[in-house]
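Engineer: Quick one: the structure is below, questions incoming.
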Amino acid sequence: MTKAATTRERLSIDVLPEEHRQIKVYAALHGETIREYVVESVRERLHQEAEERELSALTMHLDQDPILKKLWDNKKDAAYDKI
């Protein structure tokens with residue numbers, strides 16, 4: 001394992017007592033420590049937001065790509081626009 005892979009930064013946050021209790025309960029239900037649960041939750045959120053950004057970037061340029069525009073704007077698929 002490289003040194004970069006083992007280097008970590010510390011992150012401290014203050015949460016309300018009720019939030020702490022909920023995090024602790026959910027972590028226990030998943031068989032994880034609070035740290036594991038929070039880190040995995042943050043990673044999932046980061047991954048989700050990255051996917052949303054990529055999808056947004058793809059759909060923003062549909063009108064500039066003639067092949068995608070032709071595939072996107074066709075009479076057969078127009079019925080799905082009404083759903």
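Engineer: Condition first: at pLDDT 75 or above, surrounded by fewer than 10 Cβ atoms within 10 Å (Cβ to Cβ) and among the aliphatic types (A, V, I, L, M). Now tell me which residues in segment 47-83 satisfy that.
Structural biologist: 57, 67
Engineer: Tell me, which helices (runs of 4 or more DSSP H) lie completely within the chain with 1 or more residues that are of a type in the set (Phe, Trp, Tyr) and more than 22 Å from the chain's Cα centre (by Cα)?
Structural biologist: Correct list: 66-72, 75-81.
The values are calculated or read from the model by the stated rules, or taken from the named source; none is laboratory data. Treat the numbers as computed from the prediction; the structure is a model and nothing was measured. When we count neighbours, we look across all protein chains shown, and the Cβ atoms used for this are built from the backbone with ideal geometry, even at glycine.
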